[in-house]
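Student: I have a structure I would like to understand better, so I am pasting it below and will then ask my questions one at a time.
Please treat every number below as a calculation from the coordinates, not as lab data. Predicted model, so just to flag it, every value in this text is computed and none were measured. Using ideal geometry, Cβ is built from the backbone for each residue, glycine included, and neighbour counts are taken over all protein chains shown.
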Amino acid sequence: MEISPILIPILGICCGLVAIVGGVFLKPWFALQQRKMELEAQMVAEKAAQYAAQTERLEQRVRVLERIVTDKGIDLANEIEQLRDAPPLN
């Protein structure tokens, strides 16, 4: 099978045109995809910050509850001991 001599320059020109057209149309598409990924990463970072803040608030509440429970437990134990030492009411 013989290749026509005119076919070689035509294929070369076509390859160049495909590269130019592809660059013109694909460059904005890639830029758009990159911007989408940046926005998504920003949203994920914001969500992570919200979760971290929520976790911190919950941990603070648990600390307060633990302090209330332990303080009340000590006070309650002291009150029980005082009642044991008190004379009976007749």
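Student: With Cβ to Cβ distances under 14 Å as the rule, what net charge do the other residues near residue 48 carry (K, R +1; D, E -1)?
Tutor: Numbers: positive: 47; negative: 40, 46, 56.
Neighbourhood net charge equals -2.
Student: Viscosity 1.306 mPa s, temperature 10 °C: Stokes-Einstein D of the chain from its Kirkwood Cα radius, in µm² per second?
Tutor: After rounding, the answer is 75 µm²/s.
Student: Any idea what angle helix 7-85 forms with the longest principal axis of the chain, computed on alpha-carbon atoms, 0 to 90 degrees, nearest 10?
Tutor: 0 degrees
Student: Identify the GluC sites (Glu not before Pro) of region 6-64 meeting these criteria: DSSP loop state and at most 13 other C-beta atoms within 10 Å of the C-beta. Walk me through the intermediate numbers first.
Tutor: Numbers: sites: 38, 40, 46, 56, 59; in loops: none.
For GluC sites (Glu not before Pro) across region 6-64 that sit outside H, G, I, E and B with at most 13 neighbouring Cβ atoms in 10 Å, the list is empty.
Student: Distance in nm between label sites at residue 29 and residue 3, each 7 Å beyond Cα in the beta-carbon direction?
Tutor: 2.8 nm
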